[in-house]
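Notes follow once the structure below has been shown.
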Amino acid sequence: MPQYKGSREVISIHVGQAGVQIGNACWELFCLEHGIQPDGYHVEDDSYDEETETINTFFAETAGGKHVPRCLFVDLEPTVVGESGF
């Protein structure tokens with residue numbers, strides 16, 4: 001079986017009130033696990049492991065070094081989506 005050697009990227013889609021609330025919790029956890037601050041910048045430290053190597057799986061990096069989540073939040077009621085920090 002051939003092995004995939006390219007980069008892998010995940011795009012998450014969160015739909016409805018429950019989906020958006022669960023998505024907010026998931027992305028908060030992803031940020032903590034990958035060392036992403038609320039402003040989108042990576043926490044600078046000297047440690048290197050597989051967790052930081054796979055950061056581009058869940059986040060896209062801008063030219064300015066900011067990490068943006070690869071996600072889409074969809075809901076007809078804007079109040080829940082407005083609570084999202086993403």
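The values are calculated or read from the model by the stated rules, or taken from the named source; none is laboratory data. Worth saying up front: this structure is predicted, and the values here are computed from it rather than measured. Here Cβ is always computed from backbone atoms with ideal geometry, including for glycine, and neighbour counts include all displayed protein chains.
Would the stretch 75-84 turn up any residue that is modelled with pLDDT of 90 or more and out of contact with any Cys (no Cβ under 6 Å at 6 or more places or on another chain)?
yes
Cβ-Cβ under 6 Å, sequence separation 6+ or interchain: first residue in the stretch 19-32 and in contact (Cβ under 8 Å) with a residue 60 or more places away in the chain, partner part of a helix (DSSP H, G or I) and buried (at least 16 other Cβ atoms within 10 Å of the Cβ). Which pairs?
From the stretch 19-32, the pairs are V20/V80; V20/V81.
Every residue in the stretch 41-74 that is more than 11 Å from the chain's Cα centre (by Cα), part of a strand (DSSP E or B) and at pLDDT 90 or above, please.
F73, V74, listed by residue number.
Taking only the stretch 5-19 into account, find how many residues are touching a Phe, Trp or Tyr at 6+ places or on another chain (Cβ under 7 Å) and at pLDDT 95 or above.
1
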